[in-house]
Amino acid sequence: MLTLHPIPAFTDNYIWCIHDNQSAYVVDPGQAEPVLDYLQDRSLTLKGILITHHHWDHVSGIEPLLQAFSGIPVWGPANETIPGRTHGLHQGDALSLNWGLEFRVLEVPGHTSGHIAFYSEHTPLGPLLFCGDTLFSSGCGRLFEGTPEQMHHSLQALAALPGTTQVCCTHEYTTANLAFAKAVEPGNQAIQERAETVARLRAQNLPSLPSTIQLERQVNPFLRVKEPAVLESLRQNCGGLPANEVESFATLRQWKDNFQ
């Protein structure tokens, strides 16, 4: 039986671990210590590392993990510098893990120029998406290297995945993201319900993740830039009606960047 578990790291990161009580893979290990503790506590052997992008809080644990588990593969974006990477990946590449799991690589630039995501439609846990800092629950990553057009295209590609897909992003930003989503769509009942659910989870120190693509379509303003309520909110709060979807996304992202 496979288990999917978010290992907390730093103040708000999650390092996703998938394992069968014997072998394990981790995604974006920014810290080695919590991973090593989790593996040791469960007598797990690390079989590989998946990386979505080059930021330090996603890669700093790679080399210590390689010292503990020498010779394991490290898969990461081919167009970014990743420490210890053994396999550089591009759009459409296939990745075979234990248990017959097959992941497909999706190039999703925007947060960084070479950012990738890992998607598997068929797993014992249902469809899985490891999306790094591109798509967050009720939000998206800041544009550090890419353009609004790139990020909007990346998010639309992820939004087109099956609704049951579990969204495994790498930060516990959901509460703050929902506060912004409420400001954008104060009349959206799905956002209100999601906020209540997340508040209950966080009060118990439980993760708000994974989310699902279906839920994100309902509550994530960055996936809803065509919705009349979002457009009207942009008109009222941002000085006019955007000319197209990319401009809507760019205006929304700028609003979020300055949102208190």
Point to revise | Failed condition for L128, given (1) out of contact with any strand residue (DSSP E or B) (no Cβ under 7 Å at 6 or more places or on another chain); (2) surrounded by 16 or more Cβ atoms within 10 Å (Cβ to Cβ) | key: (1)
Practice item. Give the number of residues within region 82-128 that are under 29 Å from Q22 (Cβ atoms), in a strand (DSSP E or B) and of a type outside the set (V, I, T). Key: 15
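Per-residue answers, yes or no, for (1) in contact with a His (Cβ under 7 Å, 6 or more places away or on another chain); (2) assigned to a helix (DSSP H, G or I):
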residue	(1), (2)
H152	no, yes
L178	no, yes
K182	no, yes
P186	no, no
T197	no, yes
L215	no, yes
V246	yes, yes
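Here is a yes/no grid of residues against (1) touching a residue at least 40 places away in the same chain (Cβ under 8 Å); (2) within 21 Å of L158 (Cβ to Cβ):
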{"site": "N205", "(1), (2)": "no, no"}
{"site": "L209", "(1), (2)": "yes, yes"}
{"site": "T212", "(1), (2)": "yes, yes"}
{"site": "L241", "(1), (2)": "no, no"}
{"site": "E245", "(1), (2)": "yes, yes"}
{"site": "S248", "(1), (2)": "no, yes"}
{"site": "F259", "(1), (2)": "yes, no"}
Check your understanding: Name the pairs whose Cβ atoms lie under 7 Å apart, with the first residue in region 122-144 and closer than 16 Å to Q156 by Cα, the second among the polar types (S, T, N, Q) and part of a strand (DSSP E or B), and 6 or more positions between them or separate chains?
Key -> L129/Q166; S137/S211
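Is there a residue in region 55-71 that is in contact (Cβ under 8 Å) with a residue 40 or more places away in the chain and touching an Asp or Glu at 6+ places or on another chain (Cβ under 6 Å)? First the steps, then the outcome.
Going through region 55-71, the residues in contact (Cβ under 8 Å) with a residue 40 or more places away in the chain turn out to be 55, 57-58, 61.
Retained after the next criterion (residues that are touching an Asp or Glu at 6+ places or on another chain (Cβ under 6 Å)): 58.
Among the residues of region 55-71, at least one is in contact (Cβ under 8 Å) with a residue 40 or more places away in the chain and touching an Asp or Glu at 6+ places or on another chain (Cβ under 6 Å), which makes the answer yes.
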Check your understanding: So which of A183, A190 is within 22 Å of the chain's Cα centre (by Cα) and either at pLDDT 95 or above or of a type in the set (D, E, K, R) (or both)?
Key -> A190
Practice item. Filter region 45-73 down to residues that are buried (at least 20 other Cβ atoms within 10 Å of the Cβ) and in contact with a helix residue (DSSP H, G or I) (Cβ under 7 Å, 6 or more places away or on another chain), then give me how many there are. Key: 6
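Which of the following residues is small (G, A, S), outside any strand (DSSP E or B) and out of contact with any Ser or Thr (no Cβ under 6 Å at 6 or more places or on another chain): G76, G48, G71? Spell out the reasoning first.
Details: G76 fails: outside any strand (DSSP E or B); G48 fails: outside any strand (DSSP E or B).
On inspection, the qualifying residue turns out to be G71.
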Review point. Going through region 1-30 one residue at a time, which ones are within 14 Å of H58 (Cβ to Cβ) and either modelled with pLDDT under 95 or of a type in the set (S, T, Y) (or both)?
Key: Y14
Study note, to complete from the structure: Condition set crowded, with 17+ Cβ neighbours inside 10 Å and of a type in the set (G, A, S), scope region 209-257, selection nearest to A179 (Cα to Cα): answer is S233
**Study point:** Enumeration of residues in region 154-175 that are in contact (Cβ under 8 Å) with a residue 40 or more places away in the chain, buried (at least 20 other Cβ atoms within 10 Å of the Cβ) and in a helix (DSSP H, G or I)
**Key:** S154, L155, L158
Exercise for review: Inspect all residues belonging to region 31-44 and state whether any of them is at pLDDT 95 or above and closer than 17 Å to L129 by Cα.
Suggested key: no
Study note, to complete from the structure: Scanning region 28-44 for residues that are touching a His at 6+ places or on another chain (Cβ under 9 Å) and not in a loop (DSSP other than H, G, I, E, B), the one surrounded by the most Cβ atoms within 10 Å (Cβ to Cβ) turns out to be L39
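The values are calculated or read from the model by the stated rules, or taken from the named source; none is laboratory data. What you are looking at is a predicted structure, and each value in this text was computed from that prediction instead of being measured. As a convention, Cβ positions derive from the backbone with ideal geometry for all residues, glycine included, and neighbour counts pool all protein chains shown.
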